[in-house]
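This report refers to the structure that appears directly beneath it.
All of the numbers you see were taken from the coordinates with simple rules; none came from a lab. No experiment lies behind these values; they were computed from the predicted model shown. So basically every Cβ, Gly included, is an ideal-geometry build from the backbone, and we count neighbours across all protein chains shown.
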Amino acid sequence: MIADVRSRVAAALLLLSAGACSGGDGPQRSAPQESAPPATLPTTLPADSAPEAGGADGVRPLTGMMTYLADAPRFTECGSGTSFVMAADGDYLAAERAYLDAGAQGEPLRVTFDGRVARRPGMEGGDVDAVVVTRFGGAEPGRGCGDEPVTAPLEGTLWSLVALPGARAVPAGARATLVLDPEARTASGSTGCNRFTGRYDLQGGRLTVGITATTRMACPEALVALDADFLDALRVAGSYRFVGAFLELLGETGPVARFAPPEG
């Protein structure tokens, strides 16, 4: 009986050995698989990821008029006429030093710098848009936003109306004027039809005019329309800038009145 068991075991071993050596029905071990190499990471950004014009964080070259009065610096950008408070961080101290060295004393001073607009806490609560000077360029005393230098002071000059942006054109031959008297703090002039007078407030680059009285003259229809448009422009003005030798009054969306200085 022992011999019979031994013969059965031997037969089983022979069968297993034959299956391993042949490609037959016996169990087979698959060859080990090589792992795929890791993907190579890109070393450059795709073209459509390049920063937009203006540089990182919105920094871009800015040119405009800086005013500094009662520790409230403001910047009005040339071209757009948009006015911002100036943040006290970044390279602001260089701009303030240039303003004081120029002796501007509350009057607008043309400055250039690299900067951006950011939200900052306002003086009256809440956040406001403020311009941050990241690298100050320089100051240009005696110049406005245009290529020509300012030729007349804001106050005490007889300014002649030449355009009302966004309104009717000034009729040819119409004589509309504005004078700011710094001693009496009064604004007066002519609409081309009527005389007007009122008070004005000037703080740095901020200028507001309050009309308190006008005459009531009978005038041609074109001058009556000019009268209404001119007085509306004075009422909505909140700031000003010089564009070369010209004076512009600015509303919330841009220029509302443009004046030329006396000739000669």
Full-extension gain in nm, Glu124 to Leu69, via 0.36 nm per residue minus C-alpha separation: 18.1 nm
Rounded to whole Å, sorted largest first: equivalent-ellipsoid semi-axes of region 129-259, Cα gyration tensor: 28, 16, 14
Derived scalar couplings ³J(HN,Hα) [region 119-127; Karplus, 6.51 cos²θ - 1.76 cosθ + 1.60; whole Hz; x for Gly, Pro]: 7, 9, x, x, 5, 10, x, x, 9
Amide H contacts under 5 Å for Val128, placed H, 5+ residues apart: Arg120, Gly122
For region 58-140, radius of gyration divided by Kirkwood radius, i.e. Rg to Rh on alpha-carbons: 0.93
Dipole-positive endmost among Ala233, Thr214, Gly204 within region 181-249 (Cβ charges, Cα centre): Gly204
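What net charge do the residues around Val132 carry, taking every other residue with its C-beta under 14 Å from that of Val132, with Lys and Arg at +1 and Asp and Glu at -1?
Local net charge: -2.
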Net charge, Thr214 excluded, C-beta distance under 10 Å - Lys, Arg +1, Asp, Glu -1: +1
